[in-house]
Each structure stands twice: as C-alpha cells, then as structure tokens.
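A short worksheet on the structure shown next.
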Amino acid sequence: VEIVRSDLGRPFLESNAKVAPLGKFRHPSLSPDNGTLYVDGPTEIGQHAIYVATRPDPFKEWSTPRILDRLQSNSTKKGNVTPRISPDGRLLYFASDREGSAGGFDIWVTSVSSSSPADNPSPAADPE
C-alpha cells in the first residue's frame with residue numbers, strides 16, 4: 001500500500017499494511033507518530049464521514065477504519081470530508097456543511113486525544 005500526500009504528491013508512508021478496502025476511502029492524513037490514520041469515506045446513508053484506523057507500530061496492520069461518531073451531525077447534507085491532523089497531532093481539521101457553517105463546506109476543528117477521540121467541533125478561525 002502506498003499512501004500519497006496530496007499536498008506534496010510524494011509517498012510519506014510505504015508498507016504492506018492494509019486499510020480495509022482502500023477504494024472507498026480518500027484524503028488520508030497520518031498522525032505524527034504514524035499510529036493513527038484519518039480518512040473520509042461514504043456512510044450507509046449516502047453522506048461522507050471521517051474514519052480512523054490505528055496500528056500499534058509501523059510494522060503492524062491497520063485496524064478496520066471506524067467512523068468518528070462524535071463528529072457526525074444530523075444537520076449535514078453531504079457530511080464531513082478531507083481530514084487533516086495538525087503537526088503536533090492534537091487537532092483534527094475537516095470540511096463540513098453542518099449547521100453553523102457560513103455556507104457550503106467550511107473548515108471545522110476539534111481536539112483529538114486517546115481519551116477524547118474527537119469531540120465538540122467548532123468552526124476554524126478565519127485567517128484574516
């Protein structure tokens with residue numbers, strides 16, 4: 001499996017690790033410790049969601065990706081897409097059309113840790 005960074009266009013992880021059927025997942029974002037992989041993919045109701053897969057070390061297989069349920073919102077039409085983990089691994093950014101958005105897809109952010117995998121997302125600050 002070769003996962004390519006979309007911003008640089010070159011591999012940042014090469015291994016024989018498996019992440020379920022990769023065809024349905026997109027926009028990978030790997031944690032700084034290489035132990036957590038965030039992707040987006042379809043849900044059973046036709047929306048998109050952020051999924052997470054983990055592995056104990058770089059030579060082990062990935063767990064089956066699971067939806068970050070705490071990020072799901074009943075107010076979204078299309079869902080949550082394009083996850084990006086911060087360089088320190090503490091914040092997860094993603095796009096969503098959930099209630100509270102300025103319109104269309106906006107950037108949201110939530111803190112992530114082993115004790116709180118993703119909770120209470122808020123709109124990301126305007127860079128102006």
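Throughout, read-outs are computed from the coordinates displayed, never taken from laboratory work. Since we're looking at a predicted model, the values are computed, not measured. Every residue, glycine among them, receives a Cβ derived from its backbone with ideal geometry; neighbour counts consider all protein chains shown.
Each other residue within a Cβ distance under 13 Å of residue 75 adds +1 if Lys or Arg and -1 if Asp or Glu, for a net charge of 0.
Extension gain for the segment residue 69 to residue 44, taken as residue separation times 0.36 nm less the Cα-Cα distance, is 7.7 nm to one decimal.
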